[in-house]
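Read the structure below first, then the notes.
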Amino acid sequence: MRKCRKCGEEKPLEEFGELSASKDGKNPRCKPCVRDRQNTRNKLKHVQQYNINKAHKRRAIEKALPQDVTAGKWKAIMKRFGNRCFLTGSTNVSFEHVIPFATGHGGHIVANLLPMDKALNLSRQDKNFGEWFNTLEATIEMHDAFDEAFEYLAELNGLPVDLFWEYVYYCDAYRRTEEEIKADPRPSVEIFNDWKEAGGVI
């Protein structure tokens with residue numbers, strides 16, 4: 001028998017999971033207490049993500065940019081990338097808008113989002129995504145992950161990869177004010193396609 005450090009109940013040893021870091025190789029908390037602790041953490045994480053998503057949606061609305069990200073859609077994006085940062089594999093991730101709100105393009109939409117490590121998110125700020133990535137000491141694996149992510153986003157935006165790259169640079173070069181966004185509320189990719197058809201070149 002063993003006493004659980006959390007609930008204080010005496011329970012059979014099989015009610016305690018393995019933990020190599022402890023002296024006897026057993027977790028000091030019983031399995032139900034460990035599950036409760038993990039469920040609490042998961043709920044807290046869900047609430048935090050919900051609040052962050054809500055804040056991004058509010059910012060997008062304030063800037064007259066589109067927003068379509070629900071909790072379910074963000075969960076699907078996370079699942080697509082293994083619930084990790086698309087670049088580093090970190091689990092400490094946040095919403096990364098490939099085309100920043102500051103450009104007056106993109107928005108808080110699925111086709112503009114990737115899960116990225118919070119520290120990388122802070123270092124990037126509103127820099128052009130490609131130019132920012134080139135400042136990193138990226139491994140071959142990170143380059144491969146970057147290319148894969150851009151293929152994914154290009155498909156969501158209905159563009160071949162080379163044209164999606166041009167779209168990213170277009171948004172950075174042709175920034176819009178809030179008044180300009182309100183005057184033409186179409187999705188940025190639609191505006192870009194019209195610009196390309198008219199012979200636009202970066």
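Just so you know, all these numbers are worked out from the coordinates, no wet-lab data involved. Keep in mind it's a predicted model, so treat the numbers as computed, not measured. We place every Cβ from the backbone using ideal geometry, glycine too, and count neighbours over all the protein chains shown.
Tell me the angle of helix 161-173 to the major Cα principal axis of the chain, expressed in degrees between 0 and 90 and rounded to the nearest ten.
Roughly 80 degrees, rounded to the nearest 10.
For the range 48-200, calculate the relative contact order in percent as a whole number, restricting contacts to Cα pairs under 8 Å that are 6 or more residues apart.
Averaging sequence separation for qualifying contacts and normalising by length gives 25 percent for the range 48-200.
Past the 25 Å Cα-Cα mark, which pairs from Lys57/Lys196; Lys26/Lys118; Lys54/Lys182?
Correct reply: Lys57/Lys196; Lys26/Lys118.
Among the lysines, select those whose C-alpha is under 25 Å from the C-alpha of Lys31, and discard any that sit fewer than 8 residues away in the same chain.
Counting by Cα, and skipping residues close in sequence, Lys31 has these lysines nearby: Lys3, Lys6, Lys11, Lys23, Lys43, Lys45.
For helix 31-62, report the angle its Cα long axis makes with the longest principal axis of the Cα atoms of the chain; keep it between 0 and 90° and round to the nearest 10°.
Roughly 20 degrees between the two axes.
Say we join alpha carbon atoms closer than 10 Å with springs in a Gaussian network model of the chain; which of Glu179, Glu18, Glu148 then has the biggest fluctuation?
Comparing Glu179, Glu18, Glu148 in a Gaussian network model of the chain, the most mobile one is Glu18.
Just the number, please: Stokes-Einstein D of the chain in µm²/s, Kirkwood Rh from C-alpha pairs, 4 °C, 1.567 mPa s.
Taking Rh from Cα pairs, D becomes 66 µm²/s.
Which of the listed residues, Thr91, Gly130, Met116, is farthest toward the dipole's positive end in the chain, when Lys, Arg count +1 and Asp, Glu count -1 at the beta-carbon?
Thr91
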